[in-house]
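Comments concern the structure below.
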């Protein structure tokens, strides 16, 4: 016989962004508890609204299986005295296992007999196992938590009720000071409390009290209502804004979609500002006309937490709130339009980027210098070089506009709009809009070369500046998003195929620094910055190059003797592909053997062909010379690997025919020098000794 178990935690309204992940966390916690206690089940369904987190476990077994547990005690020589009587150790052991000496058996372990007791343990009932689940619940984690009343408890929000039902029976448990029961609560305004007769009644009972507790059902209802409304009015469907749909889903328990309008005069404000005011600040969906042009319309779509009664009154209230928000936006935009870009740039001198790093104006100057150092890698036309200088010189001006002060998420985008309105070139305007991209680990990259240059310069300046003052990310603590910025650097270098050595780039930046103290701090931390970016490359290789299981390949290329990201990525891809071939193992073994011996070579000794004593030495020398000549032509990683494949039988023949550590010191030094020459060809490709070969 199986059962249904329901657990619901009733709370004050939670922030929308934590509802879904908290419900998933609760499911994992319940699943873990049941598995650790050997209680099988079929499925766990998750339910959530802003006021509740719940799970329903189906086909839960009635009890744990009975089991036999064998417990080892002292050795027989200790358990039994010379006269064959049980010792105190044996008697104490049996009592400790709630048994008697009559239950003792002997078993041999590694040549010696020990006493054992086999205990028959009755499986606990499902109810007994579930009671202890309450001990786990306080350990749920949230981005933020709070205390309430006079208690010291912390949770995402105060707990007001707790439902725990095993079929029709209440499971006795407590969460903080709230005892479990069978009473849940309906919609705050449209429903009332309801007593559940059975765990299976949960979803339908709450639906009668105006709560759609199934998140998927609630989301589907919202999307369907929005699409119906758009079809009626010939509007574009805005539900492709998945994050906003998800957010409003977790803001309501009983959704009703409606539309409202605002004054057309506000349409003179940039659309991105209107969208942000609606979506980010009010959780409204902006409205566009159906068709290719998709003209922005003076309407919005909102989702009410309730039914359609009194909807006109609700609409007017929302229109009034939005009108005030848009009036502020229009005012800020109009005030900003009274000033030139130079006016805002001058204001940057009086705004601190960080108290230990300097002003925003000084950061902008550093970005300009770093951007100039990147130009040669992008193969830009002369006019684009001018665009880079201009974009870098003004890139942070929008941070002191009133519009960005009010709508901080629009930094960069407002700079692009204002620049275009003030007749800056399209390249400069686009670069300003793209300067913060990517703004997340997997966010969109800049499309333009000028934008990528400004973004790279900005991110590298932040890394070097914060590392210089000791603000280096530790553990999960990364308040300045330096990991994200380092990943952005890796992704842009790869996307734009830049032949850029990170360490050489950093050295070039340091060379241009005038302040002696800053220069010293940069010099002191350059290795840490370079390694930090290398670590992000490791993450990139794991996520985007399919090397999540090939840890040895990642380690091998990351320990190569250079830090050109594009080259390292190509080398990693080649190694991963070649790992499946028959030739991989012998090539790696040959190059690893070479590397081990090359460590003994004298770097001051050059290879002298006159000292060769065998044909295999000469053949290997000629092949190495040929590869060096090819490398000067900058061949691909795939071609380099092919040269290693051709080289390995010559290496094997060399080892077969020659004693490297010869008695003649000159011959030995010459052979080690030859191996070192091979190793210097291999080291830029990978540290072959770290590769796993089978």
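List of remarks:
- Normalised by the number of residues in the chain, the average gap of Cα pairs under 8 Å and 6 or more apart makes the relative contact order 7 percent.
- Quarter of the Cα convex hull surface for the range 67-121, i.e. its orientation-mean projected area (nm²): 3.7
- Between the range 568-593 and the range 246-313, the Cα center-to-center distance that results, in Å: 56
- Were the residues from residue 504 through residue 328 laid out at 0.36 nm apart, the gain over their Cα-Cα distance would be 58.6 nm.
- Mean separation of Cα contacts under 8 Å (6+ apart) over length of the range 63-221, as relative contact order %: 15
- In the chain, helical runs assigned H by DSSP with n ≥ 4 each contribute -39500 (n - 2.57); averaged across all residues and rounded to the nearest 500, the mean residue ellipticity at 222 nm is -15000 deg cm²/dmol.
- The range 374-462: radius of gyration over Cα atoms, expressed as a fraction of 2.2 N^0.38 Å: 1.03
- Here the relative contact order of the range 215-336, from alpha carbon pairs under 8 Å that lie six or more residues apart, stands at 30 percent.
- Of the residues 202, 544, the one with the fewest other Cβ atoms within 10 Å heads the list, and the complete ranking is 544, 202.
- Each of 167, 634, 582 has some number of other Cβ atoms within 10 Å of its Cβ, and from fewest to most they run 582, 634, 167.
- FRET efficiency for the residue 17 to residue 103 pair, using the beta carbon distance and R₀ = 51 Å, is estimated at 0.35.
- Rough spin-label spacing in nm, given labels placed 7 Å along Cα→Cβ, for residue 663 and residue 539: 6.0
- Fraction of the pair-distance distribution of the range 215-336 above 21 Å, Cα-Cα pairs, percent: 37
- Taking the C-alpha atoms of the range 135-199, convex hull volume expressed per residue in Å³: 112
- Restricted to Cα atoms, the range 544-694 shows a radius of gyration and a Dmax of 15.5, 51 angstrom.
- A Förster radius of 35 Å, combined with the Cβ-Cβ distance separating residue 369 from residue 559, puts the computed FRET efficiency at roughly 0.65.
- Theoretical gain in end-to-end length, residue 261 to residue 351 [0.36 nm per residue, Cα-Cα removed]: 28.6 nm
- Binning the alpha carbon pair distances of the range 557-641 at 10 angstrom intervals from zero yields the distribution 13, 37, 39, 11, 0, expressed in whole percent.
- Note on the range 2-57 and the range 644-694: Cα centroid distance 60 Å, given to the nearest whole angstrom.
- Each label was represented as a point 7 Å from its Cα along the Cα-to-Cβ direction; for residue 2 and residue 76 these points are 4.8 nm apart.
- Sorting 193, 373 from the fewest to the most surrounding beta carbons within 10 angstrom yields 193, 373.
- Principal axis dimensions, largest first and in whole angstrom, of the chain by Cα: 107, 98, 48
Here, each number is a calculation from the coordinates, and none is a lab measurement. Small disclaimer: the values here were computed from a predicted structure and weren't measured. Ideal geometry is used to build each Cβ from the backbone, glycine not excepted, and the neighbour counts take in all protein chains shown.
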